[in-house]
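What follows is a set of notes on a single structure, which appears directly below.
Just so it is clear, none of the values below were taken in a lab; they were calculated from the coordinates. Computed from a predicted model, the values in this text were never measured in an experiment. Neighbour counts run over all protein chains shown; Cβ positions are idealised from the backbone, glycine included.
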Amino acid sequence: MRGAHGGSLQTAGLVAPAFFAVAVFLYLPIAASGLLAVLDYHPATRAFSYAGLANIEAVWRDPAFRVAAWNTLVYCLVLVPAQVVVPLLLALGLREIAGSRLAPVYYACLFAPTLVSFSVAGAVWLPLLNPINGVLNEMLIAIGLPPSRWHTDARAALWVVCVVTFWKTFGLNLVLWYAALMTIPREQIEAARIDGAGFFRRVRDIDIPLASPTAFFILVTTVFTTLDDIVGIIDVLTGGGPFERTTNLPYLLWQKGLVFFQFGQASVVALVTIAIVALLTFVQFRFVERRVTYA
Amino acid sequence: MREVAAAERRRRTARLLVHGALAIASAATLFPLVWMLAAAFTPNDLILARPFRLWPEQATLANFAAASEAYPIWRWLWNSLLAAAAVTAGKLALSLPAAYAFARGRHRWRDAAFGFVIVTMAFPTVMVIVPTYLAVVRLGLVDTLPALIVPSIPYIGFYVFFFRQAMKALPPEMFEAASLDGAGFLRQFVDIALPNVAHVVPALAAFAFLGAWNIFLWGQLTLASVENKTLAVGVALFSDIEGAQSSWGPLMAVNSLAILPVLVVFLVARRSIERAFANR
């Protein structure tokens, strides 16, 4: 069987490197996390001992864990909808003026921050946010408003992290939305317009259904950015503070693991994060994917 | 007739409003980056005296000199380039053959293996970080670039999925014709499949490069000594140690340096990115 398709040995041979890379570096560590959660690590002797449920209990009693879990939820609830809806509105605007000489300029400006690393994004904003003589406060004072302490203010810090994260990430979704919208036949939209369908009805009845596979992809990938990559921004901007107001579960995991060598507790935090991601992904597939119409 | 004219006027007003909204959004989005570039080339005391500016004042390279005196930023740049290039190459080398086999090959476990590989798209990096770090410690590889690079390669779920789609979309007749000419399964990969998806490879390579360039948490863990860090990891050190954050000029110089290579990569891959995402 050497025709147009490959024999099973050749197929297996080409897949094997990818298969084993994924198995060893992604699946095996997850299994190990489960094991580590019930072990204690002793940095001095580099030895492990059985800890039973002590790690789980310690994490559960840790106030930092509760704050981190709550913040993780808040980040998701604020950032996921914002990063799905705002880029959609911008993409709709860009389509409205497609053909204009300014359209590629807007597109490039809006995409630019996506090229910045998460940690660098935090570092770019540090001087702008500086409470003493940062640019943002200068602007506030210039228009007669009181200055803010931004990321060093316990009440504002989480929102500052949200804004910087949004700034750094929305460009990617904009590109995806725009690409999806541009494949929708122009005639279909014109026909609806002539039938008297207003802007929002056209978006709801034509654009969203026809772009729904992209919409679903955007939704799923956005959850991961929000959970995972945000850590770079948190670390540079706030270090999880003030008073742990901006920490999240992955950041707590990193602190417990590297800073305090509590690998067992860190694994428990990892497992909780995994459970949250699995739940969110399940909910998305269960309730959103049904409405996706694949052309 | 008058109604048509009125509708036309309404549409023109709407377009004007859209232009206004997009212009404001673009300016606000670009502002921090413009400020960063201006500050990178402006003497530090001028920035501290009056932070707001959109253009360098008394343009100077002193900030780059000061930054490289404080930290080995050129070494960091080299480490970043090396790591990002290696991770990108590794991802392509793993995902292209696998995608081809998943698209064209025959094996009873083919689809199960495909599911096994692409489900990893949904694995956040935090879930593997602790055990992988312990393994790196055991192997004595802490503080080496391979410790950063190798575990970062296997996140290939999306790449395999994307390349498989692209290869499945190729007309089967191309492969059948090659087969009639005596080209075997592997020959067809090299002669037919690869050249025909080559136009979208730069797009995915650019995203792989960006992803590797961004690596932060894992880099914080594995790259301990100052001279082994990458730019994305080193920046954190830089902004930390200055405490009062008074050396903004040098920090912005390092930030500018960290953005430049990615910008070049995306400019080079621009056409490819447009084509890669045009028909999804």
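What does the charge add up to near A:Tyr107, with Lys and Arg as +1, Asp and Glu as -1, over the other residues with Cβ less than 15 Å from its Cβ?
Working: positive: A:Arg95, A:Arg101, B:Arg270, B:Arg271; negative: A:Glu96, B:Glu274.
Overall, the nearby charge balance is +2.
Principal axis extents of the Cα atoms in the range B:94-207, from largest to smallest and rounded to whole angstrom, are 53, 28, 23. Protection proxy ranking for B:100-111, B:156-167, A:76-87, using the average of other Cβ atoms within 10 Å per residue and placing the highest first: B:156-167, B:100-111, A:76-87.
Other residues whose C-beta falls under 15 angstrom from the C-beta of B:Val160 contribute a net charge of +4, scoring Lys and Arg +1 and Asp and Glu -1. Determine the shape class of chain B: with a ≥ b ≥ c the square roots of the Cα gyration tensor eigenvalues, call it rounded for a/c under 1.5, and otherwise prolate if a/b is greater than b/c, oblate otherwise. Oblate, since a/c reaches 1.5 and b/c is not below a/b. In terms of overall dimensions, the C-alpha atoms belonging to the range A:61-291 reach 63, 49, 26 Å along their principal axes, ordered largest to smallest. Partners of B:Lys168 within straight-line reach, counting aspartates and glutamates whose Cα lies under 18 Å from its Cα and excluding those fewer than 8 residues away in the same chain: B:Asp111, B:Glu176, B:Asp191.
Decide, for the range B:1-88, between rounded, prolate and oblate: order the square roots of the alpha carbon gyration tensor eigenvalues as a ≥ b ≥ c, take rounded if a/c falls under 1.5, and otherwise choose prolate if a/b is larger than b/c, else oblate. Working shown, then result.
Numbers: a/c = 6.19, a/b = 2.08, b/c = 2.97.
Cα axes put the range B:1-88 in the oblate bin.
Approximating the spin labels as points 7 Å out from Cα along Cα→Cβ, the A:Val105-to-A:Thr183 distance works out to 3.1 nm.
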